[in-house]
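So the structure is just underneath, and the comments pick up after that.
Readers should treat all values here as calculations from the given coordinates under stated rules, not as data from a laboratory. What you see is a predicted model; the values in this text were computed from it and never measured.
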Amino acid sequence: MDSSAPSPHPFEPRPRHRDRHGRGMRGPVAPPQVPLSASRGEVFRDLVQDSVERLERRWPQLTEVDFVVLDVPGDLEDTVPLGRALPAGKGRPAQIVVYRRPVEIRTKSRDERALLVHEVVVEQVAELLGLAPESVDPRYGQE
């Protein structure tokens, strides 16, 4: 039997189903305004920003300082620094750098990481301002 009439949709794919037993995803995991996940780098930057905002209330001149997060220091020495303060140069504002990976390696939980980030930021601000860390943040070393 030779049928010259083509079938209506010979190569149309079958409609997709969740899965064989109906146990698949039924909708979005989180509402659109909530991020599904933040990267470790983003979470770390948020910790640094929280620490900076805490210090800026006491030291308004810190608004002129650039705070930068880098993964690792560029030049490896005998000891790996957790941060670095760079004074202002020609056409460049003062800069405080916090190194993410060395801080993450030395901490186990988010709370420990937040404390260590704050200590690093306080120490670098103190170095930049030529003060003792305790005068930059009176709670330094007590938490």
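See the values below:
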item: Karplus 3J(HN,Hα) series, Hz, for region 122-136 with 6.51 cos²θ - 1.76 cosθ + 1.60 (x for Gly, Pro); result: 4, 4, 6, 5, 4, 5, 5, 8, x, 10, 7, x, 5, 7, 6
item: J(HN,Hα) series, region 116-121, from Karplus relation 6.51 cos²θ - 1.76 cosθ + 1.60, nearest Hz, glycine and proline x; result: 5, 4, 5, 4, 5, 4
item: Amide hydrogen neighbours beyond the local backbone of Phe67, cut-off 5 Å, H modeled; result: Ile96
item: Stretch gain in nm, segment Thr63-Glu112, where the contour uses 0.36 nm per residue and the Cα spacing is subtracted; result: 15.0 nm
item: Under-5 Å amide H pairs with Gly83, H placed in peptide plane, nonlocal only; result: Tyr99
item: Extension gain (nm, one decimal) between Tyr140 and Asp78, 0.36 nm per residue minus Cα-Cα; result: 19.7 nm
item: Contour excess over end-to-end distance, with Cα ends at Ala85 and Gln49 and 0.36 nm allotted per residue; result: 11.4 nm
